[in-house]
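Down below is the structure, laid out as structure tokens.
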Amino acid sequence: MFSQHDLRNMIAAAAIVLALAVAVRAADPFTLTSTTFKDGQMMPRKVANNLSNNPNCVGENVSPQLSWTGAPDGTKSFAILMEDPEGRGGAGVHHWVAYGIPASVTSFAEGEVSKPSDKYVGGKSTQGVGNFSGPCTPPGTPHHYTFVGVFGEARPARPSAVSFQGHGWVSWVIREAAVGVS
């Protein structure tokens, strides 16, 4: 059987674990939201790209407004990705790769990231650009676009590797939040 000393230690350990679990659960979750669209809804046409060489690009390439909350203390920077898993026949399209977003920045206004900005470093998207590149969805079944926000304790070790040709940022990902649209 257990001695009283062992029993006290186990009760103390259980109390510490319970307190930590309550503290973790009480923390705000990391969330990513937009006023331009709602989760699970169609994005407005203005978000679509406007490339003259593609008849499916029927928009204005206006990047959506994005905000994020709930990053823990000690966050040094953020990264945001816009993904289309159905694009290119299921191979996927990476519409926007942004990293090095300072911890003091917690939102982008509508249209703000349709061009390069001092607020982020643009990684190379599938379209080969470092800023937002809206979708050019072909007729038929709607595609699902997911915006993924990531926070990290440190800046990526190899900023030049941050693109979908090299996943240099993966080592600093801690937790992510996503909002998806159809």
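The values are calculated or read from the model by the stated rules, or taken from the named source; none is laboratory data. This structure is a prediction, so every number in the text was calculated from the model and none was measured. All Cβ positions, glycine included, derive from the backbone under ideal geometry; neighbour counts span all protein chains shown.
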Problem set entry | the stretch 101-146, subset assigned to a loop (DSSP other than H, G, I, E, B) and β-branched (Val, Ile, Thr), residue surrounded by the most Cβ atoms within 10 Å (Cβ to Cβ) | VAL113
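Looking at this structure, is GLY92 surrounded by 15 or more Cβ atoms within 10 Å (Cβ to Cβ), in contact with a strand residue (DSSP E or B) (Cβ under 8 Å, 6 or more places away or on another chain) and on the phi > 0 side of the Ramachandran plot?
Numbers: surrounded by 15 or more Cβ atoms within 10 Å (Cβ to Cβ): no; in contact with a strand residue (DSSP E or B) (Cβ under 8 Å, 6 or more places away or on another chain): yes; on the phi > 0 side of the Ramachandran plot: yes.
Judged against the criteria, GLY92 is not a match.
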Exercise. Which residues, taken from the stretch 60-85, are surrounded by fewer than 21 Cβ atoms within 10 Å (Cβ to Cβ), among the hydroxyl-bearing types (Ser, Thr, Tyr) and within 30 Å of ARG45 (Cβ to Cβ)?
Worked result: SER67, THR69
Exercise. Quick check: is even one residue across the stretch 46-53 surrounded by fewer than 19 Cβ atoms within 10 Å (Cβ to Cβ) and at pLDDT below 85?
Worked result: no
Exercise. Scanning for something in contact with a strand residue (DSSP E or B) (Cβ under 7 Å, 6 or more places away or on another chain), of a type in the set (A, V, I, L, M, F, W, C) and within 20 Å of LYS119 (Cα to Cα), does the stretch 41-63 turn up at least one residue?
Worked result: no
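Can you tell me which residue in the stretch 1-45 is modelled with the highest pLDDT, limited to those that are in contact with a Gly (Cβ under 7 Å, 6 or more places away or on another chain) and surrounded by fewer than 10 Cβ atoms within 10 Å (Cβ to Cβ)? If you could, list the steps in order and put the result at the bottom.
If we filter the stretch 1-45 for residues that are in contact with a Gly (Cβ under 7 Å, 6 or more places away or on another chain), which is where we start, we get 28-32, 39-40, 45.
With surrounded by fewer than 10 Cβ atoms within 10 Å (Cβ to Cβ) added as a condition, the list becomes 28-29.
On the way: ASP28: 72, PRO29: 80.
Per the stated criteria, the residue is PRO29.
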Exercise. When you go through VAL62, VAL47 one by one, which is the residue that is out of contact with any Lys or Arg (no Cβ under 9 Å at 6 or more places or on another chain) and not polar (S, T, N, Q)?
Worked result: VAL47
Seminar exercise, completed: Filter the stretch 39-89 for residues that are of a type in the set (Ser, Thr, Tyr) and out of contact with any helix residue (DSSP H, G or I) (no Cβ under 8 Å at 6 or more places or on another chain); the one that is farthest from HIS144 (Cα to Cα) is THR75
